[in-house]
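Some notes on the structure that comes next.
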Amino acid sequence: MPASPDLAIRLRRAAFNRALAEADLNAIGPLLAPNVILVAGTDSAIISGRKAQLIAWKREFAGPARTIYTRTSETILTSPVEPIALEHGQWHGVTAGTGQLLASGSYTAKWRMIGADWVIEAEIYLTLA
């Protein structure tokens, strides 16, 4: 029996969090739609496309004082007419090794089911602290 959309998206979000914590680019790619868009929380920089996002994460993972980002889902609203969903939650970034909080805020992500998997089509972040 397939998981409900809510559970499936929460599981995919948990997989993304693990991939970020483990600096696992190979695990991130399948979670992103080919034309995914990310709008950063502080400077509103736009990262457009899976390839561009993987390059950005690779650069982040190689940094000497790497930040580990975690997103925590609060609500997931699924469409009754299309295979899409909107996730809202809180995010935080901590320094790897020390766990010192660097930034945190709110986020919204749009997901789409492509084939048998939910993938992220768009994310927008708001830095609050």
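Laboratory data are not the source of any read-out in this text; all were calculated from the coordinates shown. Predicted, not measured: the structure shown is a model, and the values here were computed from it. As a convention, Cβ positions derive from the backbone with ideal geometry for all residues, glycine included, and neighbour counts pool all protein chains shown.
Laid out as a table, the results:
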read-out	value
Inter-site label distance for Asn26 and Thr98 at 7 Å from Cα along Cβ, in nm	3.2 nm
Expected 222 nm ellipticity per residue - DSSP helices of 4 or more, -39500 (n - 2.57), all of the chain, to 500	-8000 deg cm²/dmol
Candidates Ala65, Ala85, Ala27: whichever shows maximal mean-square fluctuation once the chain is modelled as a Gaussian network with Cα springs under 10 Å	Ala65
Cβ-defined net charge surrounding Ser4, 13 Å radius [Lys, Arg +1; Asp, Glu -1]	+1
Calculated FRET efficiency for the pair Asp117/Thr67, C-beta based, R₀ 25 Å, to 0.05	0.40
Dipole magnitude (debye, nearest 20) for the chain, charges at Cβ of Lys, Arg, Asp, Glu	260 debye
Quotient of C-alpha Rg and 2.2 N^0.38 Å, computed over the chain	1.02
Net length gained if the chain between Thr108 and Ala129 were fully extended (0.36 nm per residue, minus Cα distance)	5.9 nm
Percent RCO, i.e. relative contact order, over the range 5-127, from Cα pairs under 8 Å lying at least 6 residues apart	25 percent
